[in-house]
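All remarks here apply to the structure that follows.
The values are calculated or read from the model by the stated rules, or taken from the named source; none is laboratory data. On a predicted model such as this, the values are computed, not experimentally measured, just so you know. Counting neighbours? That spans all protein chains shown, and the Cβs are built from the backbone with ideal geometry, glycine included.
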Amino acid sequence: MSLSSTEGTRQIPLSKHFLAGLASADLKPEEILESVSIPHSRKWEFVSAFRQAQCQQNALADMNAAMRVLLKEGSDTIEDLSIAYGGVGAATISAQKSCQQLLGRRWDELMLVEACRLLLDEVSLPGWAPGGKVEFKRTLVVSFFFKFYLEVLQELKKLVKLSSVSGSCRYPEISDRFLSALEDFPVAVPQGVQMYQSVDSHQPLQDPVGRPIMHLSGLKHATGEAIFCDDIPMVDKELFMALVTSTRAHAKIISVDFSEALELPGVVDVVTAEDIPGTNGAEDDKLLAVDKVLCVGQIICAVVAGSDVQAKRAIEKIKITYQDQEPVIFTIQDAIKHNSFLCPEKKLEQGNIEEAFEKVDQIVEGEVHVGGQEHFYMETQRVLVIPKTEDKELDIYVSTQDPAHVQKTVSSTLNIPINRITCHVKRVGGGFGGKVGRPAVFGAIAAVGAIKTGHPIRLVLDREDDMLITGGRHPLFGKYKVGFMNNGRIKALDIECFINGGCTLDHSEQVTEFLILKLENAYKIRNLRLRGRACLTNLPSNTAFRGFGFPQGTLVTESCITAVAAKCGLLPEKVREKNMYRTVDKTIYKQAFSPETLIRCWNECLGKSSFHSRRMQVAEFNKQNYWKKRGIAMIPMKFSVGFAATSYHQAAALVHIYTDGSVLVTHGGNELGQGIHTKMLQVASRELKIPMSYMHICETSTATVPNTIATAASVGSDVNGRAVQIACQILLKRLEPIIKKNPEGTWEDWIEAAFEQRISLSATGYFRGYKAFVDWEKGEGDPFPYYVYGAACSEVEIDCLTGAYKKVRTDIVMDACCSLNPAIDIGQIEGAFIQGMGLYTTEELKYSPEGVLYSRGPDEYKIPTITDVPEEFNVSLLPSSQSPLTIYSSKGLGESGMFLGSSVFFAITDAVAAARRERDIAEDFTVKSPATPEWVRMACADRFTEMIPRDDPKTFTPWSIPIA
Ligand code: MTE
Ligand code: MOS
């Protein structure tokens with residue numbers, strides 16, 4: 001590198017000093033980097049670089065390496081060698097000693113073995129190394145070198161052919177089956193086809209229902225013009241709030257000293273539990289901690305200051321002393337040991353499993369571990385509370401799926417009637433369940449600050465705090481015992497699941513119930529027992545997340561089916577088919593339903609994906625490739641929508657027509673990006689028979705539509721759509737006499753006439769929906785209005801040496817019935833699928849042995865990006881299906897696609913199983929999600945994974961602990 005400064009120029013070599021990050025090799029502050037010169041490689045010199053990250057792109061490498069060898073001209077003797085690794089220490093490590101010792105050796109198998117031994121010795125990594133993934137990285141040290149070894153051989157072969165150095169030396173042959181080890185997975189632009197039914201040709205042009213209308217804010221989202229909560233300009237006298245959180249997992253708070261913080265410039269006040277005029281949350285779920293903390297990240301108090309920088313600076317000056325308490329529980333295993341649970345066990349049972357187990361050909365038992373998931377909404381939690389000067393009124397702008405809950409919580413916290421508090425939600429930058437319960441906590445704490453100081457308060461979590469404080473999807477540990485016949489017919493199944501609920505109840509009981517209700521997925525198993533419990537641990541409380549337990553739990557069911565297939569020597573898809581619901585039947589909780597569209601989705605997906613022929617191609621590919629394997633899997637889905645509580649099946653809307661004919665629609669749903677406002681205007685447009693251009697939705701507000709339910713459980717459009725429909729029908733009924741009198745008139749004429757004739761142009765529509773219930777004593781009920789059915793087939797290719805994978809293709813068939821808006825619904829299916837794929841592949845939350853979440857940003861936590869989308873990605877909506885209970889026979893598709901992401905997971909495990917079969921290692925490995933590259937690499941055990949040193953887990957404290 002050439003550096004220059006006023007002192008002149010100097011050159012520093014990119015040598016081991018530089019790589020080691022030594023100060024002498026560092027740039028001085030006044031120096032600029034002028035050029036970097038990279039020498040051309042010479043003939044007989046070979047250079048290569050390797051890299052492995054959690055995902056292919058947009059990720060820092062877990063480990064990388066650069067290797068260079070110079071061979072003696074015309075021979076295979078090593079004249080010079082350099083090897084450097086990144087990711088195995090604080091700085092780049094150059095394996096000088098190993099290289100030195102390999103000089104003069106021939107480039108052959110013996111050298112390879114020796115090199116691996118030397119490298120593992122020199123580039124060593126302790127078991128407790130920060131960043132973890134220790135055995136993976138050790139394996140990569142040698143896997144990368146093996147790749148280099150092959151690459152050089154391959155190049156040599158070419159060189160010899162070209163320069164006809166014939167016969168002078170012979171290089172080891174690489175078998176064709178090994179060659180694909182050299183290929184990387186290039187980034188491809190994903191392509192796909194979306195298929196849906198077009199509307200009936202008789203449908204009036206003006207009527208937008210069923211048409212693929214673009215999300216009304218779509219362009220504004222893309223340009224940045226869409227206003228989110230924190231885009232609201234600063235209001236007069238506004239102050240910022242920042243939260244002080246616990247650094248201990250379970251402790252008594254001995255003292256909190258904020259005297260120093262109060263003296264910092266700009267700091268106005270500190271808000272503690274003592275400032276709360278009303279109730280401080282629930283007894284075991286306090287808004288602000290009192291006397292004790294139950295997890296790292298629990299909110300203790302809040303600083304109010306003139307700017308966010310000042311508030312955050314003050315936080316660091318607050319001194320809290322703790323006294324640690326026992327027990328400290330993080331893992332599900334520990335919770336079970338301590339009998340630490342949040343709520344009673346939920347159980348459903350049918351038939352007689354004990355008896356059935358006695359009559360089966362085989363029995364298999366297994367365990368499944370599913371990691372949690374961070375919501376990673378684009379817009380973190382935020383709220384702006386504006387106290388009015390009169391009558392204790394408050395205006396609250398908040399990013400939430402449930403403004404009524406924020407309003408209620410603020411009311412009880414401040415001891416002010418609900419009618420003084422108005423919550424406004426223009427749009428939410430993603431919620432995914434993470435903004436059902438939590439925003440009320442932030443709203444209430446900010447409101448306490450507003451009341452205490454008399455100033456408007458803005459509370460905006462940065463990503464790090466959002467990830468630390470708010471929990472996510474419940475990690476799950478599942479055990480199954482399955483009895484089956486050799487033809488794949490399952491006769492008895494016993495599943496027991498535990499979820500990690502964190503330190504408060506939150507939605508954990510609901511999640512456990514949903515988990516148990518949905519666990520059977522698409523299968524009719526006569527003797528079936530499903531049990532679930534939520535564990536109380538010292539972690540931030542886990543909460544609602546798209547799919548509510550279904551995506552985790554059903555992974556256990558599907559893993560069990562895969563295990564049965566392996567034992568029977570059948571395709572998993574055959575076993576799935578064999579055990580699937582076939583005719584009108586009853587679920588385990590005795591709700592009757594028809595699986596007709598489930599079967600149709602399955603069959604269409606088989607056809608559309610050419611499953612059987614591609615299955616054969618995959619097998620052929622695997623025969624021809626040793627270091628790369630392909631896998632393919634198809635998964636069926638029966639997903640229930642709605643909450644199993646009647647009170648959730650209601651909604652209201654308020655529709656105003658103004659004298660110019662324009663229409664303002666409000667309803668109880670919140671726009672999360674899922675397109676509910678677009679759909680509601682489509683409904684209003686059909687009902688009022690005027691184009692959507694007449695209509696507008698400004699915001700969701702507790703003042704226009706009161707007592708709403710959370711926009712959740714996929715039924716937002718179902719219930720609010722009916723409310724909007726009813727409101728519009730009321731209005732149209734009122735207008736009917738006027739229209740009859742002047743049928744040729746325009747909409748504007750009619751509205752003008754209506755106003756003249758004193759006809760009210762505003763109406764509330766109220767929808768009283770489904771009566772849902774479950775009797776857990778009897779184990780039966782009628783919890784769900786309907787099911788969404790679907791099937792997905794995914795194919796992947798894995799690199800057995802690095803664990804990298806590429807998603808080759810995914811086909812989804814979903815039963816959306818008569819989609820209100822196929823563009824939005826397919827977007828929801830795609831989005832949920834990708835989010836599910838992230839859950840099952842790359843999204844990995846890491847905790848320290850002290851219960852501190854390490855993964856607190858996009859560097860450490862990898863959600864899928866555009867380059868992770870399957871190269872070919874097709875989604876089709878099942879034609880001609882009907883659902884009588886919903887608006888225009890549509891279905892709510894917000895969550896269901898999530899689980900279909902598991903088809904990628906099962907394709908990966910299918911590929912791993914192929915590798916293991918070939919290497920003659922046991923096929924029944926413990927199923928663990930996410931199937932990260934680390935997991936894939938270590939599951940594809942081979943001579944390299946055997947070579948690496950293994951540590952005795954008792955001899956050190958690992959960097960992170962598994963909590964599922
Ligand atoms: N889509 C976007 N873009 N953003 C979101 O936060 N949340 C999902 C889903 N789709 C979400 C989303 C979840 S968890 C649910 S329950 C549904 O939307 C809720 O909205 P709906 O009932 O109107 O489908
Ligand atoms: Mo969705 S998890 O029901 O908000």
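Candidates V724, V715, V705, V719: the one that is within 24 Å of V428 (Cα to Cα) and without any contact (Cβ under 8 Å) to a residue 60 or more places away in the chain is V705. Taking the range 3-51 as the range and being of a type in the set (K, R) and loosely packed, with under 14 Cβ neighbours inside 10 Å as the test, the residues that pass are R10, K28, R42, K43. Residue pairs whose Cβ atoms lie under 8 Å apart, sitting 6 or more positions apart in sequence or on different chains, and linking a residue in the range 69-80 that is over 21 Å from A49 (Cα atoms) to a partner that is modelled with pLDDT under 95 and surrounded by fewer than 14 Cβ atoms within 10 Å (Cβ to Cβ), are E73/K43; G74/S168; S75/S168. For Y888, the conditions (1) among the aromatic types (F, W, Y); (2) outside the structural domain of L801 (by TED's automatic domain parsing); (3) at positive phi all hold with the exception of (2).
The strands (runs of 3 or more DSSP E) located wholly in the range 688-800 that include 3 or more residues which are within 29 Å of the chain's Cα centre (by Cα) and at pLDDT 95 or above occupy 787-799.
How many of the residues making up the range 895-924 are more than 24 Å from the chain's Cα centre (by Cα) and outside any helix (DSSP H, G or I)? Quick ask: steps written out before the conclusion?
Quick first cut of the range 895-924, residues more than 24 Å from the chain's Cα centre (by Cα) only: 913-924.
Going one step further and asking which of them are outside any helix (DSSP H, G or I), we end up with 919-924.
Of the residues in that region, 6 qualify.
The sole residue among A619, A652, A645 that is of a type in the set (A, V, I, L, M), over 25 Å from the mean Cα position of the chain (by Cα) and within 16 Å of ligand 2 (Cβ to nearest atom) is A645.
Consider S98 carefully, then state whether it is at pLDDT 95 or above, assigned to a strand (DSSP E or B) and among the polar types (S, T, N, Q).
no
Kindly indicate whether any position in the range 697-717 is out of contact with any Asp or Glu (no Cβ under 8 Å at 6 or more places or on another chain), within 16 Å of ligand 2 (Cβ to nearest atom) and not polar (S, T, N, Q). Taking every residue of the range 697-717 in turn, at least one turns out to be out of contact with any Asp or Glu (no Cβ under 8 Å at 6 or more places or on another chain), within 16 Å of ligand 2 (Cβ to nearest atom) and not polar (S, T, N, Q).
Which strands (runs of 3 or more DSSP E) sit wholly inside the range 295-350 and have at least 3 residues that are touching a residue at least 12 places away in the same chain (Cβ under 8 Å), more than 30 Å from K778 (Cα to Cα) and of a type outside the set (D, E)? Quick ask: steps written out before the conclusion?
On the way: elements: 299-305, 319-324, 346-350.
Passing ranges, in order: 299-305, 319-324.
Tell me, please, whether a residue that is of a type in the set (K, R), surrounded by 21 or more Cβ atoms within 10 Å (Cβ to Cβ) and closer than 24 Å to L468 by Cβ can be found in the range 859-869. Give the steps one after another, and end with the answer.
First pass over the range 859-869, keeping only residues of a type in the set (K, R): 862.
Then drop every residue that is not surrounded by 21 or more Cβ atoms within 10 Å (Cβ to Cβ), which leaves 862.
Next, only the ones that are closer than 24 Å to L468 by Cβ stay: 862.
Checked against the condition, which is being of a type in the set (K, R), surrounded by 21 or more Cβ atoms within 10 Å (Cβ to Cβ) and closer than 24 Å to L468 by Cβ, the range 859-869 yields at least one hit.
V296 fulfils the conditions (1) within 30 Å of V235 (Cα to Cα); (2) crowded, with 18+ Cβ neighbours inside 10 Å except for a single criterion, (1).
Looking at I254, I320, I299, I329 in this structure, which one is at pLDDT 95 or above, out of contact with any Pro (no Cβ under 6 Å at 6 or more places or on another chain), within 23 Å of G454 (Cα to Cα) and β-branched (V, I, T)? Reasoning before the result, please.
On the way: I254 fails: within 23 Å of G454 (Cα to Cα); I320 fails: within 23 Å of G454 (Cα to Cα); I329 fails: within 23 Å of G454 (Cα to Cα).
Testing whether each residue is at pLDDT 95 or above, out of contact with any Pro (no Cβ under 6 Å at 6 or more places or on another chain), within 23 Å of G454 (Cα to Cα) and β-branched (V, I, T) leaves just I299.
Quick one: count up the residues across the range 382-408 that are more than 16 Å from ligand 1 (Cβ to nearest atom) and in contact (Cβ under 8 Å) with a residue 60 or more places away in the chain.
Taking the range 382-408 as the starting set, the residues that turn out to be more than 16 Å from ligand 1 (Cβ to nearest atom) are 383-397, 406-408.
From the residues that got through so far, the ones that are in contact (Cβ under 8 Å) with a residue 60 or more places away in the chain too are 383-387, 397, 407.
Going through the range 382-408 one residue at a time, the tally reaches 7.
Being crowded, with 19+ Cβ neighbours inside 10 Å and farther than 30 Å from S217 by Cα narrows it down to one of V719, V683, V774, V705, so name that one. So the residue among V719, V683, V774, V705 that is crowded, with 19+ Cβ neighbours inside 10 Å and farther than 30 Å from S217 by Cα is V774. For V482, indicate whether it is β-branched (V, I, T) and either within 16 Å of ligand 2 (Cβ to nearest atom) or part of a helix (DSSP H, G or I) (or both). Here the answer is no, as V482 does not meet what is asked. Answer yes or no: is there a residue in the range 732-744 that is touching a residue at least 40 places away in the same chain (Cβ under 8 Å) and either assigned by TED's automatic domain parsing to the domain that holds Y658 or not β-branched (V, I, T) (or both). Among the residues of the range 732-744, at least one is touching a residue at least 40 places away in the same chain (Cβ under 8 Å) and either assigned by TED's automatic domain parsing to the domain that holds Y658 or not β-branched (V, I, T) (or both), which makes the answer yes. Residue under question is L14, and the condition is that it be assigned to a loop (DSSP other than H, G, I, E, B), within 26 Å of G104 (Cα to Cα), under 42 Å from the mean Cα position of the chain (by Cα) and not basic (K, R); does it hold? Yes, satisfied. So which residues in the range 61-95 are in a loop (DSSP other than H, G, I, E, B), small (G, A, S) and closer than 16 Å to F144 by Cβ? Selection gives G87, G89, A95.
Do we have L555 as within 16 Å of ligand 1 (Cβ to nearest atom) and under 19 Å from G897 (Cα atoms) here? Before the answer, list the steps.
Working: within 16 Å of ligand 1 (Cβ to nearest atom): no; under 19 Å from G897 (Cα atoms): yes.
No; evaluated as a whole, the condition is false for this residue.
Test K346 against the criterion of being among the basic types (K, R) and over 25 Å from Y523 (Cβ atoms), and give yes or no. In short, no. Of all residues in the range 535-551, one or more are of a type in the set (A, V, I, L, M, F, W, C), touching a Leu at 6+ places or on another chain (Cβ under 9 Å), at positive phi and touching a residue at least 12 places away in the same chain (Cβ under 8 Å). Among all residues of the range 569-578, there is none that is modelled with pLDDT of 95 or more, assigned by TED's automatic domain parsing to the domain that holds E349 and either among the hydroxyl-bearing types (S, T, Y) or within 25 Å of the chain's Cα centre (by Cα) (or both).
Restricting the search to the range 806-831, which residues are of a type in the set (S, T, Y) and out of contact with any helix residue (DSSP H, G or I) (no Cβ under 6 Å at 6 or more places or on another chain)? Walk me through how you get there before you give the answer.
We begin by selecting, within the range 806-831, every residue of a type in the set (S, T, Y); these are 810, 819.
The answer is T810, and nothing else.
Among the residues in the range 430-442, are any in contact (Cβ under 8 Å) with a residue 24 or more places away in the chain, among the basic types (K, R) and touching a Lys or Arg at 6+ places or on another chain (Cβ under 9 Å)?
There is no residue in the range 430-442 that is in contact (Cβ under 8 Å) with a residue 24 or more places away in the chain, among the basic types (K, R) and touching a Lys or Arg at 6+ places or on another chain (Cβ under 9 Å).
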